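This report refers to the structure that appears directly beneath it.
Bear in mind these aren't lab numbers, they're just calculated from the coordinates by the rules spelled out. This is a predicted model, so every value here is computed, not measured. Cβ: placed from backbone, ideal geometry, glycine included. Neighbour counts: every protein chain shown.
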Amino acid sequence: MNKQEFLEKLKGGLSGLPQEDIDERLAFYGEMIDDKVEDGLTEEEAINGIGSVEDAVNEIISDIPLAALVKKRVRPKRKLRAWETALIILGSPVWAPLLISALAVFFSLYVSLWAIIVSFWSVAGSCALCSVASLVPAAVLIGQQNALAAIAVIGAALIIAGLSIFMFFGSKAATKGVLRLTEKSVTGIKRTLFRRENANEKVD
């Protein structure tokens with residue numbers, strides 16, 4: 001595949017975007033290919049280094065703000081007729097509460113998920129503080145020559161410290177998992193909107 005073929009396929013894959021965005025992306029990838037060719041590669045080698053057209057399209061979609069895709073998706077391509085506007089207004093008592101309810105459910109689930117993560121971090125922090133604070137009574141007991149009780153307190157402090165370390169790594173892994181889930185969810189929504197926009201463009 002040469003440069004022209006790559007850019008043509010990329011242009012087709014981006015047909016759901018505004019023309020200025022398409023031109024900007026095509027210019028970017030065209031320059032990237034030219035730079036690699038100047039470094040001594042052939043166009044085919046340069047394109048192989050970039051990856052497939054699908055990879056490029058996915059990367060571009062992931063960089064596009066979700067708000068921009070939503071705005072373009074909901075913006076009518078033509079001026080609504082009077083009866084269409086009236087139908088939307090008359091139907092609002094039905095679709096508006098359903099939309100608000102759906103958004104509220106998703107938002108509540110997402111907030112609840114982060115609340116669990118915050119709870120994990122709180123437990124990890126509390127365990128760490130307790131393990132450090134336990135050293136104070138242990139020192140007092142040692143000063144009172146109550147070695148057995150001091151050993152018991154230090155042992156408990158070590159157990160709590162171990163638990164805090166376990167909770168720290170567990171909380172860290174859970175946080176990364178939620179962030180990855182968020183990223184994948186946003187990317188999935190973007191791809192869905194983009195695919196629908198592409199389908200509409202082809203139908204039109």
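Listed values, structure above:
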quantity: Where labels lie 7 Å past Cα in the beta-carbon direction, separation of E38 and S119 in nm; calculated: 5.7
quantity: Degrees between helix 82-133 axis and first principal axis of the chain (Cα, 0 to 90, nearest 10); calculated: 30
quantity: Per-residue ³J(HN,Hα) for segment 39-51, Karplus 6.51 cos²θ - 1.76 cosθ + 1.60, θ = phi - 60°, Hz, x for Gly and Pro; calculated: 7, x, 8, 7, 4, 5, 5, 4, 5, 4, x, 6, x
quantity: Computed magnitude of the charge dipole of the chain (debye, nearest 20; Cβ of K, R +1, Cβ of D, E -1); calculated: 1460
quantity: Options [x] 1.13; [y] 1.73; [z] 0.96 - which one matches Cα Rg over 2.2 N^0.38 Å as calculated here; calculated: [y]
quantity: FRET efficiency for F28 and S126, using Cβ-Cβ distance with R0 set to 30 Å, rounded to 0.05; calculated: 0.05
quantity: Residues D21, D63, sorted so that the one with the fewest Cβ neighbours within 10 Å comes first; calculated: D63, D21
quantity: FRET efficiency, 1/(1 + (r/R0)^6) with R0 35 Å, evaluated for L87 and Y110 via beta carbons; calculated: 0.60
quantity: Whether segment 141-191 is rounded, prolate or oblate, judged on the alpha carbon gyration tensor where a/c under 1.5 counts as rounded; calculated: prolate
quantity: Cβ-based exposure ranking for V37, V105, in which fewest neighbours within 10 Å come first; calculated: V105, V37
quantity: Helix 53-63 axis, angle to the chain major axis (alpha carbon atoms, nearest 10°); calculated: 60
quantity: Inter-site label distance for D55 and F169 at 7 Å from Cα along Cβ, in nm; calculated: 3.3
quantity: Options Q145, I50, L10, ranked by Cα towards positive dipole end of the chain, top entry (Cβ charges); calculated: Q145
quantity: Dmax and Rg, reported as Rg then Dmax, of segment 106-203 (C-alpha, Å); calculated: 23.7, 87
quantity: Gain on full stretching of the segment that runs from L135 to I100 - 0.36 nm per residue minus C-alpha separation; calculated: 7.4 nm
quantity: Added length on full extension, which subtracts the Cα-Cα distance from 0.36 nm per residue, A161 to K176; calculated: 3.1 nm
quantity: Likely footprinting exposure, T187, T85, fewest C-beta neighbours within 10 Å first; calculated: T85, T187
quantity: Under Karplus coefficients 6.51, -1.76 and 1.60, residue-wise ³J(HN,Hα) of segment 174-182 in Hz, glycine/proline x; calculated: 5, 5, 4, x, 5, 5, 5, 4, 4
quantity: Cα→Cβ-extended label distance, 7 Å offset, between K184 and Q145, nm; calculated: 6.3
